Amino acid sequence: MTTMAKTAGRTRAPRSRSRAAETARRAWSDASGRIAMVLLAVLVLAALLAPLLAPSDPAAQNLAAASRPPSWLGGEGGHLLGTDTLGRDVFSRLLYGLRLSMVVGVVTATASALFGLLLGLLAGYYESTAGMVLMRLADVQFAVPFVAVGVALAAVVGPGVVKLMIILAVWGWVNYARTIANSVSQVKRMEFVTAARTIGARTPAILLRHIAPSVLGPVIILWSTSAGVLVLVESALSMLGLGVQPPDFSLGSMLADSRTTLRLAWWATVFPGLAIMVVVVAFNLLGDALRDAFNPSVRTEHDPELW
Amino acid sequence: MSTHAPVARVNGLVKDFRIPGGRVLRAVDGVSFEVGRGETLGLVGESGSGKSTVARMLIRLDRPTAGSVEFEGADITALRGAALRRQVRRRMAMVFQSSSTSLNPYQRVGEVLAEPLRVHRVGEAGARGRAVETMMERVGLDPAFAGRYPRELSGGQRQRVGIARALMLDPSLIVADEPTASLDVSVQAQVVNLLQDLQRDLGLSYLFITHDLGLVRHLSHRVAVMYLGRLVEVGDTAQVFAEPAHPYAAMLVSMRRQAEHRILPAGEIPSPIDRPSGCVFRSRCPIAQARCERDVPPLVEIAPGRRAACHFPGELRPGGTDAPVHVPAAPPLVAPLTSQKGR
Amino acid sequence: MIGYIVRRLLLVALVACGVTTLLFVLARLSGDPAELLSPPEAPPEVVEATRIRLGLDAPLAVQYAKALASSFTLDFGQSFAFHQPAAQMVFQRLAPSLWIVVPSIVLSVLLSFAIGVAAALRPSRLSGRLLMAGTFLTGSVPYFWLALLLVLLFAVNLGWLPATGGEGFTSLVIPVTALTVAAVSTSARLARGQLLDSFGEGYVLTARSKGVAPWRVLLGHALPGALPPMLAWLGIEFSFLFSALLVLEPLLGYNGLGALLIRSVANQDFPLVQASVFCMAMLITLVNIGMDVIVRLVDPRLRTKAAT
Amino acid sequence: MKIRGAVKTAATLRPPAGGGAGAALAMRDVEVSLPSARGSLRILRGVTFTVGRGEVVAVAGESGSGKSTSILAALRLLPPGARVTGSIVLDGEDVLAMPRRGLRGLRAGRARLVFQDPWRALHPMKRIGAQLVESARTADPGLSAAAARELVEHTLAGVGIPDPPARMRSYPHEISGGQAQRIVIAMALVARPAVLLCDEPTTALDVTTQAQILELLRRLNRELGISIVIATHDLDVIADVADRLVVMYAGEVVEEGPTAEVLSAPRHPYTWSLLRAAPGAAEGGRLRAIEGRPPSPAEEPAGCAFAARCPSVHEICTTTRPEPRHVLPGRASACLRAEGYGPVPAGGGR
């Protein structure tokens, strides 16, 4: 074979699909993954296009049109999901509330993922020193219920959405770091890491090129589920009046606002709650699909036999 | 084959591991040997004998508790950082047991092979690409596989990638830790042939770790036998297999004799945590005497080029000759078909 | 084993220090601790008196040592709002909270076990998939929202249950239901996954190859193998339930530790905040240590690892 | 030199309860397909072989040849979703037609499995004694707990375990590989089985331990008359244990016959190539590798599965699928050109 022919042969032979592309393809081919992605796309679009989609100003009060049931339950004024006790259109508020909830979930999950990834890599690689410190820290963090700290911190620094996100992100990294440190301490014992050492690769290169790609899967899975959890936590804190402060509002603070008027306008409580649930379901489904995509298991889709 | 100047020499290597409970496990206890230029030294032993730990100390993945490692005339026992990379990492390479776990699943074959060059800043990107291509052909891989991931290759192909990676920096010594243990016999033969061809063409030296006696006999010039952290016998392969001096070596060798001549060891291999006093093999040795319990037998020269650590070298011999190797006599058919019924 | 327990109990001390430090720093961050530790809107001379009485004029290191000492003696001072020792109040309020948490844990364990086993036995059939889809949905329900809906339905509309706490057994129904629904999902999914992994293990194949009856393969071989991670999860769940209580108790007007903490934060009743956070942290840590010990008792591999 | 350390003969091992006429295991035209993401994979393609009573038969082949699947299929212990056709008769029972309860009885009392990795086979969280007692009592439900313990103790002593009562109190992770494999064998023996199916019983073990375990198996066969089937990838290991050899390739039986004869004068080019590839067979410093690799279970070669790697391949081999047939008395080969292999020397050359 001549060199030219060889070169031609090489260009003809396609590079195999990258791991990332392959994983994405697997996640998409999974039914729940597809549902999750479509659902999330719809949610993100709804949040982004809220100004276009919302039939009315979400903040506009109209006491004359207060507590109107959803239009399909015979409510007047054509409010799709009714109005709250101040006469604001629930559907419009839902779209705008979704924005803040999604931002809180996604931004804080991403921030704590990045922070946790960095620290987890170090803690897992230097198990006996940095790892020990991290694990003890995690023990302490773990012992204090998050809401308790959130409440205490919010009392000290005052409520507010940015502060809330910072608190959530700082509190969340430990969970990431612990998971990642565990994965790293497993991966670093694998032969390909030893192989990298025998060719003289330096520690940063080993961490970034050899270990990090292997733990990225767990990080992304954790990111997805924790985004859902954070949406929940934000609404929980908002319920206690410690999250988003008026005039801003999230799905959680909509719940908080309407809970005292449950008798008058149940729709103002039910629909924001449902929306939270849909967001959480979407993130959880995505997490599940990604988990399967990252670890294509040999477990067959057949019932186990125990006889 | 072994020439005067050894490429590597280990002297009195000791490795202790701290284990939970404040105790110390001595995995390797005073091991000394040398690997000649262009030579294959087979390191044989059962699991827990410390052979892999010796290899890791030789290639300086682990630092010995005591003893020294010499490589290409320099003491490399305590090297670190840039000096370690220059004197050891560039000149000594390792081939691993499992071809599936020793390759990063997230790197394409081309990246795996280019990495040693990149790490040591050898050549430009284009030159590296050509070097990778040349090396792939050298080890019998289609260069088109450069864009593939390891999981897309067969076990034998992956092991070829592992060998190619070890060769990228043109090393003088390759430490091979059971490189064919995970392969089927037919594929093992391909890889072993490749390793031998490379040795012949490039003048490589191998430290070949294995538990497969047939393999060690086939490809190593000299053999070193380890038992529970100690070296019990070293010598020319043919001589050790013909007339083993140490009872443990005799026992191993007898496994290749016909059944009636096999010497089965008594009981189980002791735990490295509490090794027997005196000679480590005495608890399973058929010819152990009171003396073996007291005195540690030193590894002494019993004949030119032969060393054994036994108070009674050569007294236990496997009987008989080698069991007939099943080399089938009949050649495969090349003649045209006679009966073409073919059902 | 004893050594292990002792070492784990050292963790309690560590957590105690950690939590105290956290609260100490929080108090300093929020401005003048003397003001924080005085009743709200106290005149300057009262604040000054508090500062001297509590030793807040001393150097920070001395104050920190004192804070640690007071944590270890469970002496958090008097509550401003209730004029009682804070620790004592916390202990009084602990019981009502446990009345919610413990039944929720027990119920969720039983339910998730049943669901997990049932789903693991038929992962490919519709019933198994439906079970998993069900836990998926319940796991995504905001528990506080669910509690509100339950109130709306059973208290407001039907009038079967009291809408607020303090009415004995019936007022437990709504919070326990909400928490159980929230907790069951993750544990059921964990149980299913662990069991399915266990079914693939060599020892299950061995048991089947011995001709062991199917129910014994399940209960005697597969289940023990799946147990340790499930037990470890229980400790984590306990922590989660306490977090949820902080939201649920004030929401449902239930007089437990959670409501107390939220109220004292609002009141700036710092001794009470300190006492209740400390109490929760200790409780969660002890439960987790208990779970670790049980896991060790169940799994002999961990036991010898610790011994050698 | 006296050979020390060979396992002592123990009178406590009792012969199997079963017995009678017929083969211990007869597989005929067994096809197994396993479901996978890309459709079903044919793991076994018409496997036929017989294990006579009191015989030791080795099923040899490289990874993916279907040897382990054959062993598991004999007890219907294949992964869920597997489809089996053909006929499997184990200790006189039609395994594929048997009701579940009956099959469980067969597994419990008459045909037992020994796995490759003893640590994986033993439950890590249960004491060894409990696992063996359970084994004895599923085989014989009438056995009292005390009697079962006694039986287990005796059997453990019989397979060469020192201090059985102490071992019964230990957990699997506390013992060495050789002991663990003896214990797994003892776990099968307490049932007094007529057939012992071993799936690579020595692969996970060191070479000297390997010899000890094979010695034990041979003794069980001679003294108790247990029929033994051993799946293995190492022809050397079973050379002097097995009476007969079944060679498998890509889910098919390619050759069958008395061990010594097959090893010295193979009638199938795969067996021939495999033997030549072993390190001991090298002449002139090079091993004779078999180039290429076996077809994957997803492929369906039109002709002989070995055709692509065969040194004596002929056009017809790529189009016609060879069936195993008797080429000599007691010898079967699935090669269209088996007759061209010359006469088999008397006595098999050993």
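Annotations for the structure displayed:
- When accessible surface is computed with a 1.4 Å probe, chains D and B are found to bury approximately 5000 Å² between them, both chains counted.
- Here is the short version for chain B: B:C285, B:C310 have no other Cys C-beta closer than 4.7 Å.
- Global size of the range C:86-307 as Cα Rg and Dmax, reported in angstrom: 20.3, 67
- Projected label distance in nm at A:L80 and D:S40, using a 7 Å step from Cα toward the beta-carbon: 4.9 nm
- Local electrostatic count, B:V187, Cβ distance below 9 Å [Lys/Arg +1, Asp/Glu -1]: -1
- Among C:T50, C:T180, C:T20, residue whose mean-square fluctuation peaks in a GNM of chain C (springs only between Cα atoms under 10 Å): C:T50
- Under the convention that each Lys and Arg Cβ holds +1 and each Asp and Glu Cβ holds -1, the size of the dipole of chain C around its Cα centre is about 1720 debye.
- Residues whose amide H falls under 5 Å from that of B:G45, counting only those 5 or more places apart or on a different chain, are B:T210, B:M226, with hydrogens built in the peptide plane.
- Span-like helix check, chain C: qualifying full DSSP H segments, with Cα axial length of 20 Å or more and mean Kyte-Doolittle of 0.5 or more, are C:2-29, C:86-121, C:126-140, C:173-199, C:223-252, C:270-298.
- From helices alone, chain D scores -8500 deg cm²/dmol at 222 nm; the rule is -39500 (n - 2.57) for each run of n ≥ 4 DSSP H residues, then divide by the residue total.
- Chains D and C together bury roughly 2100 Å² of accessible area, counting both sides, with a 1.4 Å probe on protein heavy atoms only.
- Stretch gain in nm, segment B:L202-B:A238, where the contour uses 0.36 nm per residue and the Cα spacing is subtracted: 10.5 nm
- The residues of the range A:25-130 expose on average 48 square angstrom of accessible surface per residue, using a 1.4 Å probe on protein heavy atoms.
- For chain B, calculated [θ]222 nm from helices alone, where every DSSP H run of n ≥ 4 adds -39500 (n - 2.57): -8000 deg cm²/dmol
- 1.4 Å probe accessible area per residue over the range D:25-242, in Å²: 33 Å²
- Helix A:132-143 and the longest principal axis of the Cα set of chain A meet at an angle near 20°.
- Between the range B:8-61 and the range C:186-224, the Cα center-to-center distance that results, in Å: 41 Å
- Minimum 30 Å² accessible area buried by the other protein chains, the range B:120-154 residues, probe 1.4 Å, relative to alone: B:E133, B:E137, B:A144, B:G147, B:Y149, B:R151, B:S154
- When restricted to Cα atoms, the protein assembly as shown yields an Rg and a Dmax of 35.8, 119 Å, respectively.
- For chain B, built as a Gaussian network whose Cα springs stay under 10 Å, the top-fluctuating residue of B:A144, B:A131, B:A238: B:A144
- Extreme residue, positive dipole direction of chain C, given options C:S239, C:V12, C:G200 (C-beta unit charges): C:G200
- On Cα atoms only, tilt of A:146-157 relative to the major axis of chain A in degrees: 70 degrees
- Rounded percent of accessible protein surface that carbon and sulfur make up, the range D:135-198, 1.4 Å probe: 49 percent
- Loop trypsin sites (Lys or Arg not before Pro), the range B:120-219 (other Cβ atoms within 10 Å of the site Cβ: 12 or fewer; DSSP): B:R121
- Most positive-pole-ward Cα, D:P79, D:H233, D:A146, against dipole of chain D from beta carbon charges: D:A146
- Value of relative contact order over chain B, rounded to a whole percent, pairs C-alpha under 8 Å and six or more apart: 19 percent
- 0 to 90° range, to nearest 10: angle between helix A:267-294 axis and chain A longest Cα axis: 10 degrees
- Taking all protein chains into account, the per residue accessible area for chain B stands at 38 Å² (1.4 Å probe).
- Between the alpha-carbon centres of the range D:119-193 and the range A:35-76 there is a gap of 69 Å.
- Pairwise FRET efficiency - D:R218 versus C:V102, Cβ, R0 = 56 Å, nearest 0.05: 0.40
- The distance from the alpha carbon centre of the range D:47-80 to that of the range D:248-310 is 18 Å, rounded to a whole number.
- Taken across both chains, chains C and A shield about 4400 Å² of accessible surface from a 1.4 Å probe.
- Cβ-defined net charge surrounding A:D84, 12 Å radius [Lys, Arg +1; Asp, Glu -1]: +2
- Chain-alone versus full-assembly comparison, the range D:96-144, residues with accessible loss of at least 50 Å² (1.4 Å probe): D:R100, D:R104, D:R107, D:F115, D:R120, D:H123, D:P124, D:M125, D:E134
The values are calculated or read from the model by the stated rules, or taken from the named source; none is laboratory data. Since the model is a prediction, treat every value here as computed from it, not as a measurement. Don't worry about glycine lacking a Cβ; one is built from the backbone with ideal geometry, like all the others, and counts go over all protein chains shown. These accessible areas exclude ligands, DNA and RNA; they are computed on the full protein's heavy atoms, side chains included. Shrake-Rupley method; radii C 1.70, N 1.55, O 1.52, S 1.80 Å.
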